[in-house]
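Student: Take this structure, written in structure tokens, and hold onto it; I'll ask about it next.
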Amino acid sequence: MASKKQTRRSSRGVDVNDSILTALKEGALSTKQLAAELGLAHGNVYSRCRRLEEKGLLKSKLTSGSGALYCIDDDKVVSRSEYERCKEEEHELRAIDTQERVWRLP
């Protein structure tokens, strides 16, 4: 008896790989953006995208940018409202560099 490989589906009965490919038709998205759009865990989306990339269905690029801000004087990461206060009080602020993988269709 031949076994048929099952398609992995989310709890909503939707093929996750198809959902990823459909979301990327609009343009490139980071793993975090895809996870938020699809309502799935970041790790699950990343591993799915990696497998799709191995099959040649996706391409990715590691990008770097500036994430949150760290206030040296308060010794903590600051929110936007705290940032304004720290800026007014002339605190020393540093950007926290981030890296994220951005996925796109080939």
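Throughout, read-outs are computed from the coordinates displayed, never taken from laboratory work. It should be emphasised that the depicted structure is a prediction, and the values quoted were computed from it without experimental measurement. A quick note on method: Cβ atoms are made from the backbone with ideal geometry, for glycine too, and the neighbour counts reach across all protein chains shown.
Student: What FRET efficiency comes out for Arg94 versus Lys59 if R0 is 41 angstrom and r is the Cβ-Cβ distance? Round to the nearest 0.05.
Tutor: Numbers: r = 33 Å, r/R0 = 0.79.
After rounding to 0.05, the efficiency reads 0.80.
Student: Under 12 Å from the Cβ of Gly67, count the other residues' Cβ atoms, weight Lys and Arg +1, Asp and Glu -1, and hand me the total. Numbers along the way, then the final one.
Tutor: Working: positive: Lys32, Arg94; negative: Asp97, Glu100.
So the surrounding residues net to 0.
Student: Calculate, in whole percent, how much of the Cα-Cα pair population of segment 16-104 lies beyond 15 Å. Present the calculation step by step, with values, prior to reporting the outcome.
Tutor: On the way: 2481 of 3916 pairs.
For segment 16-104, the fraction of Cα-Cα distances above 15 Å is 63 percent.
Student: Which one, Gly39, Gly67, Ser19, is farthest towards the positive end of the dipole of segment 16-104 when Lys and Arg carry +1 and Asp and Glu -1 on their Cβ?
Tutor: Farthest towards the positive pole: Ser19.
Student: Using the Cα atoms as the points, what is the convex hull volume per residue of segment 43-94 in Å³? Walk me through the intermediate numbers first.
Tutor: Details: hull volume 5.5 nm³, N = 52.
Spread over its residues, the Cα hull of segment 43-94 gives 106 Å³ apiece.
Student: What is the local net charge at His42, summed over the other residues whose Cβ is closer than 15 Å to its Cβ (Lys, Arg +1; Asp, Glu -1)?
Tutor: On the way: positive: Lys32, Arg48, Arg50, Arg101; negative: Glu37, Glu100.
Spelling it out: positives minus negatives among the neighbours equals +2.
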